[in-house]
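Participant: Pasting in a structure now, in structure tokens, and then I'll have a few things to ask.
What follows is calculated from the coordinates using simple rules that are stated; it is not laboratory data. As the structure is a computational prediction, the values presented were derived from the model and not from experiment. A quick note on method: Cβ atoms are made from the backbone with ideal geometry, for glycine too, and the neighbour counts reach across all protein chains shown.
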Amino acid sequence: MDGVCGLPTGGSVPIAARALPGDGAPSDLPPRVVATEPAVELIRELVGRHGPVMFHQSGGCCDGSAPMCYPEGEFKVGQRDVLVGELDLGGGFPFEQDDDETGGSSPSSSSRIRVWISGLQFDAWKHTQLVLDAVPGRGSGFSLENPTGRRFLSRARTFDEREMELLEAHPPQLGMDLDV
């Protein structure tokens, strides 16, 4: 393995999108979440069908621990939920509108997709980078990809000591810190 659970050996992880550093964070801050090309393709497809989307990394129960994709605002983010990052997928989304038409801008209106995780689960996973991937199979529970024949899958890469020091100096935002 290349340090990423479940990804083949023999090269680097094929990352197509990375979370942007938060306000005031250095540009070399390692992203807490990244996405593979298959995940980005599926996200773009879902956005084309449903408009802006968001993710919440599930912590178990009936849907296992799958990344769940919802229409933006359809999942109630808790005060202790952690914003792992905002994936920057670039432009070209079919729902993009000028701020004048929407009455303001949302993270997704600029092609950013918010990825959340529960506070308790973040505490257990904070030493790893979340790698959002998509594979053949059936989606979980109420996640938007359910009828597509593909499903989102979380993989992980362990941060090295230097990355952990940088990340600890710039903690992620919580649901209570943001207007969600």
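Participant: If r is the Cβ-Cβ distance from Asp123 to Glu45 and R0 is 30 Å, what FRET efficiency results, to the nearest 0.05?
Facilitator: 0.35
Participant: Expressed in nm to one decimal, what extension gain is obtained for the pair Leu178 and Thr158 from 0.36 nm per residue of sequence separation less their Cα-Cα distance?
Facilitator: Numbers: separation 20, 0.36 × 20 = 7.20 nm, distance 2.72 nm.
Net length gain for the segment: 4.5 nm.
Participant: Using modelled amide H (1.01 Å from N, peptide plane; none on Pro or chain starts), what sits under 5 Å from the amide H of Gln129, excluding residues fewer than 5 places away?
Facilitator: The answer is Arg157, Thr158, Phe159.
Participant: Report the FRET efficiency, 1/(1 + (r/R0)^6), for Glu168 and Ser65, where r is their Cβ-Cβ distance and R0 is 25 Å, rounded to 0.05. Intermediate values should be presented prior to the final figure.
Facilitator: Numbers: r = 24 Å, r/R0 = 0.96.
So, using R0 = 25 Å, E works out to roughly 0.55.
Participant: What whole-number distance in Å separates the alpha-carbon centres of segment 21-70 and segment 151-171?
Facilitator: 15
Participant: As a footprinting exposure proxy, order Arg150, Arg32, Arg162 by other Cβ within 10 Å, with the fewest listed first.
Facilitator: On the way: Arg150 19, Arg32 25, Arg162 10.
Lowest to highest Cβ neighbour count: Arg162, Arg150, Arg32.
Participant: Within 15 Å, Cβ to Cβ, of Met164, how many net charges do the neighbouring residues add up to if Lys/Arg are +1 and Asp/Glu are -1? Working shown, then result.
Facilitator: Working: positive: Arg32, Lys126, Arg157, Arg162; negative: Asp28, Asp123, Asp160, Glu161, Glu163, Glu165, Glu168.
Overall, the nearby charge balance is -3.
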